[in-house]
1. Filtering region B:31-57 down to residues that are among the basic types (Lys, Arg) and not in a helix (DSSP H, G or I), which residue is surrounded by the most Cβ atoms within 10 Å (Cβ to Cβ)?
2. State yes or no: is C:Arg56 in contact with a Pro (Cβ under 8 Å, 6 or more places away or on another chain) and not hydrophobic (A, V, I, L, M, F, W, C)?
3. Is it the case that region A:201-212 has a residue that's within 29 Å of B:Ala84 (Cα to Cα) and within 19 Å of the chain's Cα centre (by Cα)?
4. Among (1) among the basic types (Lys, Arg); (2) more than 8 Å from every other protein chain (Cβ to nearest Cβ); (3) touching a Lys or Arg at 6+ places or on another chain (Cβ under 8 Å), there is one condition B:Arg144 misses while meeting the rest; what is its number?
5. Scan (1) part of a helix (DSSP H, G or I); (2) over 17 Å from C:Pro152 (Cβ atoms) for the single condition C:Ser26 breaks and write down its number.
6. Only one residue in B:Ile106, B:Ile100 is over 26 Å from B:Val39 (Cβ atoms), touching a Leu at 6+ places or on another chain (Cβ under 8 Å) and surrounded by 15 or more Cβ atoms within 10 Å (Cβ to Cβ), so which one is that?
7. Within region C:114-133, how many residues turn out to be within 9 Å of another protein chain (Cβ to nearest Cβ), in a helix (DSSP H, G or I) and touching a helix residue (DSSP H, G or I) at 6+ places or on another chain (Cβ under 6 Å)?
8. Within region C:153-170, is even one residue aromatic (Phe, Trp, Tyr) and either touching a residue at least 40 places away in the same chain (Cβ under 8 Å) or within 14 Å of chain A (Cβ to nearest Cβ) (or both)?
Amino acid sequence: MDPLHWWGNVALTMLEALATAAFALSGIIEATRKRLDVVGVGVVAFLTAFGGGTLRDLLLDQRPFFWVREQYALAGVFLLCLIAQAFMRQRHVAITERMIEWPDAIGLGLFCASGVHQAHLLGMPPLVSIIMGVVTAVFGGVLRDMVCNEIPATLRNHRPYAICALAGALAYLALTAVNAPAWLAMVACAGLATSLRALAILRNWSLPIWRP
Amino acid sequence: MDPLHWWGNVALTMLEALATAAFALSGIIEATRKRLDVVGVGVVAFLTAFGGGTLRDLLLDQRPFFWVREQYALAGVFLLCLIAQAFMRQRHVAITERMIEWPDAIGLGLFCASGVHQAHLLGMPPLVSIIMGVVTAVFGGVLRDMVCNEIPATLRNHRPYAICALAGALAYLALTAVNAPAWLAMVACAGLATSLRALAILRNWSLPIWRP
Amino acid sequence: MDPLHWWGNVALTMLEALATAAFALSGIIEATRKRLDVVGVGVVAFLTAFGGGTLRDLLLDQRPFFWVREQYALAGVFLLCLIAQAFMRQRHVAITERMIEWPDAIGLGLFCASGVHQAHLLGMPPLVSIIMGVVTAVFGGVLRDMVCNEIPATLRNHRPYAICALAGALAYLALTAVNAPAWLAMVACAGLATSLRALAILRNWSLPIWRP
């Protein structure tokens with residue numbers, strides 16, 4: 001493997017690890033707020049970090065699951081729980097929450113790209129590929145909120161989140177339709193979803209309420 | 001294909017489309033009531049319309065999912081969301097809710113018949129086939145209520161719903177046990193479930209509360 | 001089969017039936033408390049009894065599901081619902097709840113052992129086997145509480161439950177790592193998880209709250 005390719009892979013793996021950690025931390029914070037016990041906090045962290053990819057693999061009938069192939073991710077989230085338990089104090093929660101918005105946006109893009117790409121490779125039709133991209137990106141957060149007995153924030157808080165993943169997935173399909181190489185389509189997908197989410201945070205964009 | 005058969009297929013497809021639209025609309029109404037944003041309303045509409053059949057395919061290990069084979073259904077629900085967003089106003093909600101009770105009853109019968117028939121074809125034992133019929137018919141609504149942070153109405157509101165599907169599934173199995181042709185068993189199943197549900201609505205039947 | 005082996009199997013089957021009944025009863029009690037109707041109570045009983053094993057089979061891609069192979073369990077839970085409906089009165093609930101704590105602890109151990117053993121047989125890595133053991137043991141209860149619109153008690157009530165299954169799963173892996181026979185590892189797993197849970201009940205152990 002040439003050095004450039006190798007460094008690209010290292011960068012991608014580090015981004016993925018960062019995004020997974022951001023998802024897990026959002027689970028830890030939500031579970032703490034609900035006063036779960038230590039086991040509950042760990043379970044919610046795992047569900048948030050791995051829920052989206054697991055549903056993708058389940059729906060696309062891909063085995064072994066990605067967290068069976070990449071066990072270091074499981075171990076990493078476990079470690080993160082221990083570290084958060086040891087060092088995270090009440091006064092850190094608000095800071096952590098603001099800080100993880102950015103790696104979370106990166107995760108939104110990366111996971112969406114992985115979902116839409118995998119579905120496309122398996123020959124799924126466009127509409128299904130889009131759904132897989134969005135599901136991979138947002139289902140972890142949906143599961144977190146369902147377990148914590150909340151209506152999923154993604155569906156309710158009028159901040160653009162799932163819709164950024166949707167835009168990214170559309171970009172992927174548009175590029176593959178004109179025979180762009182897969183890596184370009186994936187970069188465009190992840191880039192667009194992440195940038196839109198970042199803009200939505202910075203500009204405080206808001207989705208219209210459904211006002212019937 | 002002879003004309004009669006062809007018209008039969010057209011009628012069935014139209015009934016299915018009607019029933020799917022009724023399920024999706026019940027999702028839209030519930031999500032609107034919970035003040036979800038536009039993305040949330042769309043997600044709940046999809047979950048309600050496709051949740052039951054997806055769980056059936058998942059449990060019976062049938063791939064591709066029915067909504068991968070029949071993508072027009074996905075596109076149709078998407079269109080329905082756009083139309084509902086554009087035209088449905090507050091004063092329409094109560095009317096819509098009463099109007100969709102009937103296509104919803106048709107969906108209960110059709111989806112139950114599809115579930116029990118598919119399980120039976122795969123050689124599942126009777127008890128499992130019954131469960132598959134009921135799951136296909138009611139799980140969409142259960143998922144809708146779980147995401148909207150409610151105890152599923154089917155399990156709580158003391159109106160016969162799942163139990164109508166149960167009766168239909170039993171009719172299917174009784175008929176196949178005496179070697180009736182599959183189409184007859186399916187028609188009897190869908191007909192019985194739908195009629196019982198319709199009677200339950202008209203006569204205001206109520207299930208006994210579990211009073212321990 | 002020699003008599004000893006035969007009696008061992010009979011004892012195991014009886015323990016499993018006892019544990020499944022305990023899980024189903026906990027579902028019945030929770031559903032009654034939430035004032036579900038008779039159909040709802042039955043559904044929650046089934047979800048609690050079979051949810052954990054179903055998720056295990058789904059994640060490990062094992063078909064047919066264990067409740068397809070062992071239909072008497074389905075029929076048994078159905079019977080149990082009828083009996084409970086006929087005979088359980090309000091004054092029995094508290095007694096039943098205290099009585100089922102013990103067969104529930106047995107179920108925790110047995111289901112954990114079945115999950116970790118099945119995953120290990122399929123060549124899953126240690127971390128994944130542990131997760132499968134814990135999921136099999138606790139997911140039924142998690143599902144029960146999610147459907148009843150509660151934060152899962154296992155994750156919230158600061159009583160050791162999932163963590164007992166975790167300890168059992170670790171014991172299984174430690175023993176197989178030193179080439180102990182599978183039956184010994186399974187007995188140790190079930191025994192440790194059940195004893196820890198029993199001690200937690202008797203001594204009123206409590207997990208630390210996550211106090212950030």
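1. B:Lys34
2. So C:Arg56 fails the test.
3. There is at least one residue in region A:201-212 that is within 29 Å of B:Ala84 (Cα to Cα) and within 19 Å of the chain's Cα centre (by Cα).
4. Every condition holds for B:Arg144 apart from (3).
5. Going through the list (1) part of a helix (DSSP H, G or I); (2) over 17 Å from C:Pro152 (Cβ atoms), C:Ser26 breaks only (2).
6. Residue meeting the stated conditions: B:Ile106.
7. 3
8. yes
The values are calculated or read from the model by the stated rules, or taken from the named source; none is laboratory data. Remember, it's a predicted structure, so these values are computed and weren't measured experimentally. Glycine also receives a Cβ, built like all others from the backbone with ideal geometry; neighbour counts cover every protein chain displayed.
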